[in-house]
Structures are given as C-alpha cells and as structure tokens.
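K.L.:
Dropping the structure in here first, questions after.
The values are calculated or read from the model by the stated rules, or taken from the named source; none is laboratory data. Not measured: the values here are computed from a predicted model. With ideal geometry, Cβ positions are generated from the backbone for all residues, glycine too; neighbour counts draw on all protein chains shown. Only protein heavy atoms, including side chains, enter the accessible area calculation; ligands, DNA and RNA are left aside. Shrake-Rupley method; radii C 1.70, N 1.55, O 1.52, S 1.80 Å.
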Amino acid sequence: MIKFLAIVFSLLLLLAVLGGGGGLYVLWRFGRNLPDYAQLADYRPAVMSRVHAGDGTLIGEFARQRRLFVPIAAMPRRVIQAFLSAEDKTFYTHPGIDFAGIASAMFRNVKRLVSGGKRRPVGASTITQQVAKNFLLTNEISITRKIKEAILAFRIEHAFSKDRILELYLNEIYLGIGSYGVAAAALNYFDKSLDELNLEETAFLAALPKAPNNYHPIRHRKAAEARRDWVLRRMAANGVISPLEFSRGAARALL
C-alpha cells in the first residue's frame with residue numbers, strides 16, 4: 001500500500017511540475033530513449049490459425065496467444081461502453097492522463113489507509129496508459145515506469161486517434177484462460193462472437209482486465225458475479241444502460 005501511494009503521489013507531483021519550468025527537465029530526463037510509439041501504427045497481432053473439415057466443422061486451433069482481431073468499427077457499441085465504464089469513462093475527453101481520476105484515487109486510497117481498510121488500492125491508469133505499458137513497457141512497479149508511461153501516453157494521444165488507441169487496447173488486453181483481446185475472450189468463456197453476447201456477459205468481460213485470474217466464472221463465481229455487477233452499476237451510472245437493465249443483468253447467474 002505504501003509503495004502504491006508513493007507511486008501515485010509521485011505521479012501527481014510530476015503532473016504539477018509539468019506546469020512549470022521543471023517539466024522540461026522531467027521530459028528530458030525520462031523522455032529520452034523511450035520505446036518508439038510509432039510502431040503501434042504497424043500493429044499486426046498474432047492471431048489463431050483455425051483448421052476446418054470439408055463440411056466446415058472446426059477441427060482445431062493453433063496459436064501461441066489465442067486472439068481474434070476485430071477492427072474498432074466492427075466492435076459492438078455495448079462492448080465498448082462496458083469497457084469504458086469499467087476502465088476509463090473519460091477516455092474520449094482526457095489527453096492521455098486522467099488528472100481528476102488520479103486525484104480521486106489518491107484521496108480514496110489515503111482514506112482507506114487511515115481507516116485501516118484492506119481492500120485493493122484504487123488505480124487511475126487510463127486506457128492510453130495501459131496501451132503504453134502493454135505494448136512498450138514492462139509491468140515493473142516503480143515511479144520511473146509510471147513517469148515513462150505518462151509521457152508515452154501523451155505522445156500516443158498526439159500521434160493516434162482515440163478509436164485507434166481503443167482498438168489496440170481491446171485487441172491486445174489479456175482477459176484470462178489464454179484469451180488475448182475481447183473477441184477471443186467471448187469465444188473462450190461463452191463460445192460466442194462479440195455481437196452474440198448478452199449484457200451480463202459483456203459486463204463480465206469488462207470486469208476482467210484488472211485481475212482476470214481472480215474472477216474465473218467457475219472457480220471464483222461469487223467474486224466474478226460481484227465484479228460483473230460492479231461494471232453493470234457503472235454502466236447504469238454513466239447512462240449507457242437503464243436501471244431496469246441493471247437489475248435484470250445483476251439478477252442473472254453468470255453461467
């Protein structure tokens with residue numbers, strides 16, 4: 001917890017410094033020798049090879065990473081809304097960093113620490129930051145990585161459209177049981193394509209990015225349904241589903 005708070009506080013300090021002359025030093029110090037974000041323009045993910053019999057029956061699938069690439073234009077709107085509600089509701093308006101989200105997360109984590117709470121710390125990484133980390137950096141927990149992640153997020157936002165960034169995220173993110181990207185996850189968990197998912201199945205997939213192994217629908221059913229219901233609640237709060245849709249979705253069993 002202390003390490004996490006130190007990282008968040010340092011990121012807040014960085015953002016404050018960027019407004020003054022010290023920002024030039026920070027950009028010079030940490031912005032040198034960063035991975036080339038331009039490579040994202042040529043993203044060609046490895047996808048599954050599928051072998052079918054003469055009658056069209058699927059015989060087998062072969063892949064190091066189970067992934068089915070889906071262009072953002074072909075993504076069902078509800079899938080996009082679910083992930084934005086769960087991960088980054090201001091995605092289409094922030095510049096790569098959610099300043100208000102960072103401040104809010106910091107406040108809530110300090111409040112929990114003071115009150116002796118033991119729940120997992122609240123993060124504030126935007127989808128753009130996650131793209132920077134997943135494609136260009138490592139999972140190292142350090143202040144240096146968070147600063148580099150923030151700088152890369154700003155650069156990525158300047159170079160690519162929001163839709164392109166979201167497309168990269170939704171097709172690359174790991175969602176458990178060998179699933180990379182939302183299309184592969186829909187197939188692996190529910191044996192459905194994205195446009196066949198119902199509301200609660202869509203919300204479940206959006207619940208997975210933070211810790212997919214903690215929300216396995218069979219081994220950790222209660223935790224999975226609780227996290228799915230949290231996503232449904234966020235979707236209702238953001239106005240993308242109705243209160244009635246929330247109630248019906250939360251009342252259904254996951255599988």
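K.L.:
Keeping the other protein chains in place, figure out the carbon and sulfur percent of the accessible area of region 149-231, with a 1.4 Å probe.
P.N.:
Carbon-and-sulfur percentage of accessible area, whole number: 49.
K.L.:
While we're looking at this one, here's another question. Residue 196 to residue 158: extension gain in nm, 0.36 nm per residue of separation minus the Cα-Cα distance?
P.N.:
That pair, residue 196 and residue 158, stretches by 10.2 nm at full extension.
K.L.:
Run the simple label-point estimate for residue 92 and residue 142 please: 7 Å along Cα→C-beta, distance reported in nm.
P.N.:
Spacing of the two 7 Å Cα→Cβ label points: 3.8 nm.
K.L.:
Ok, one more. Is the shape of region 116-218 rounded, prolate or oblate, going by the alpha carbon gyration tensor and its root eigenvalues a ≥ b ≥ c, with a/c under 1.5 for rounded and a/b larger than b/c for prolate?
P.N.:
Oblate shape, in that a/c is at least 1.5 and b/c is the bigger or equal ratio.
K.L.:
Can you pull the one-decimal nm distance between simple spin-label points at residue 251 and residue 114, each 7 Å off the Cα toward Cβ?
P.N.:
4.1 nm
K.L.:
For 179, 193, give me the order by solvent-accessible area with a 1.4 Å probe, most accessible first, ignoring ligands, DNA and RNA. Each step should come with its number before you reach the end.
P.N.:
On the way: 179 0, 193 50 Å².
Highest to lowest solvent-accessible surface, that is 193, 179.
K.L.:
With a 1.4 Å probe and every protein chain left in place, work out the accessible area per residue of region 86-211 in Å², rounded to a whole number.
P.N.:
Value returned for region 86-211: 42 Å² of accessible area per residue.
K.L.:
Over region 71-227, what is the relative contact order in whole percent, taking alpha-carbon pairs under 8 Å and six or more residues apart?
P.N.:
24 percent
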